[in-house]
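A short worksheet on the structure shown next.
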Amino acid sequence: MNYIVLDLEWNQSNTGLEKEVTKLPFEIIEIGAIQLNDAGVMLGEFSELIKPQIYQEMHHITSKLIHMQMQELERGEDFISVTERFLEWCGQESYIFCTWGCLDLTELQRNMKFYNMTPMSQGPIAYLDVQKLFTLVFEEDKKQRRALEYAIDYLKIEKDIPFHRAFSDAYYTAKILAGLIREHSEILKNVSYDVFCPPADRKAEIKVQFDTYTKYISRKFGDKTEAFADREVSSTKCYVCHRNLRKRIRWFTPNGRHYYAVAYCEKHGYLKGKIRVRKSDDGKIYVVKTTKFISEEEVKEIEERCERARELRRKRKTKQGL
């Protein structure tokens, strides 16, 4: 399998008044990529500018970050032409996209949809988030997310071209990935999923088990009530012995977006479930559920969080006179 290390630069509205803002908040203006083989050896590179069609002024923050002016983009071609060449450049052999962070594939697909291009996929796309992989290998705090330049300095990789352009950031991300391939290949099993296109139906739902947790990505539902009525969504199953577990703490939410539950397995201990409710591009919802085993101390923390959420609901009801 080959690795397509991708980085994008995009522009956005300076005013927020354009009618296209809601459908295309970020207009891609540059695509940069490096292709590696399964030994981490570079096979090729891609770098092209895109002439903007929507936002004709460079956002002031974008301009400072990537040191680019609109005049430079006049040399580029339209998005459809550049993207078609990029996808052709990726080749016919099997490959997986790799990015620094979790935004690039979503914005690439959003731009493609805006221009009515054939979708890259009818469902979630598996990819490698090299930023996350760096954290898993080198950071004690596994929730830490470092800047690309920090990682380059940490690994003592030579900085021979400037940062903050699509090709250069893809180039440095590829340098980090090549090192992981050679020295920490076991970490590459920790794939991520871009869910710009959620699973089309129950058969297409994502269920994957990692070393210390599981992830489930549901199909789309009309609303949260419909989603939580689904057994697969609301269940808490031990991923070691595959038994459905009785909940010690039922699903609750402190904010309406994240939901938590705790169940108990007599053989393997306490299991925490976390559900993130996400909106799909067509206004429906889907859920991303993770489950992992936790300590008794963590159970107590969740119990306290649950009680605080209940107290807030009681106060709101009292204030509303219910």
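Coordinate-derived values only; no laboratory data. Everything numeric here is computed off the predicted structure, so don't read it as measured data. FYI the Cβ positions are ideal-geometry reconstructions off the backbone, even for glycines, and counts take in every protein chain you see.
Summary table below
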{"item": "Value of relative contact order over the stretch 159-258, rounded to a whole percent, pairs C-alpha under 8 Å and six or more apart", "result": "12"}
{"item": "Cα gyration tensor shape of the stretch 53-193, rounded if a/c is under 1.5, else prolate or oblate by comparing a/b with b/c", "result": "oblate"}
{"item": "Helix 166-183 axis, angle to the chain major axis (alpha carbon atoms, nearest 10°)", "result": "60"}
{"item": "Most mobile of ASP194, ASP160, ASP281 in a GNM of the chain (Cα contacts under 10 Å)", "result": "ASP160"}
{"item": "Over 29 Å between alpha carbons, listed pairs LYS51/LYS289; LYS237/LYS279; LYS113/LYS207; LYS189/LYS220; LYS274/LYS317; LYS159/LYS292", "result": "LYS51/LYS289; LYS159/LYS292"}
{"item": "In the stretch 241-322, GluC sites (Glu not before Pro) in a DSSP loop with at most 16 other beta-carbon atoms within 10 Å", "result": "GLU266"}
{"item": "Residue-wise HN-Hα coupling along the stretch 124-133, computed from phi with Karplus coefficients 6.51, -1.76, 1.60 (Hz; x: Gly, Pro)", "result": "x, 10, 6, 8, 9, 8, 5, 4, 5, 5"}
{"item": "Of the trypsin sites (Lys or Arg not before Pro) in the stretch 156-259, those whose Cβ has at most 10 other Cβ within 10 Å and which sit in DSSP loop", "result": "LYS156, ARG246"}
{"item": "HIS59 long-range amide H proximity, modeled H, under 5 Å", "result": "GLN12"}
{"item": "Kirkwood Rh (inverse of mean 1/r, distinct Cα pairs), the chain, angstrom", "result": "22.0"}
{"item": "Residues whose placed amide H lies under 5 Å from that of SER280, excluding near-sequence neighbours", "result": "ILE285, TYR286"}
{"item": "Among HIS60, HIS258, HIS242, residue whose mean-square fluctuation peaks in a GNM of the chain (springs only between Cα atoms under 10 Å)", "result": "HIS242"}
{"item": "Residue-wise HN-Hα coupling along the stretch 276-291, computed from phi with Karplus coefficients 6.51, -1.76, 1.60 (Hz; x: Gly, Pro)", "result": "9, 8, 10, 8, 7, 5, 9, x, 7, 10, 9, 10, 10, 10, 10, 10"}
{"item": "³J(HN,Hα) computed for each position of the stretch 77-87 - Karplus, 6.51 cos²θ - 1.76 cosθ + 1.60, integer Hz, glycine/proline x", "result": "9, 5, 4, 4, 5, 5, 5, 4, 5, 4, 5"}
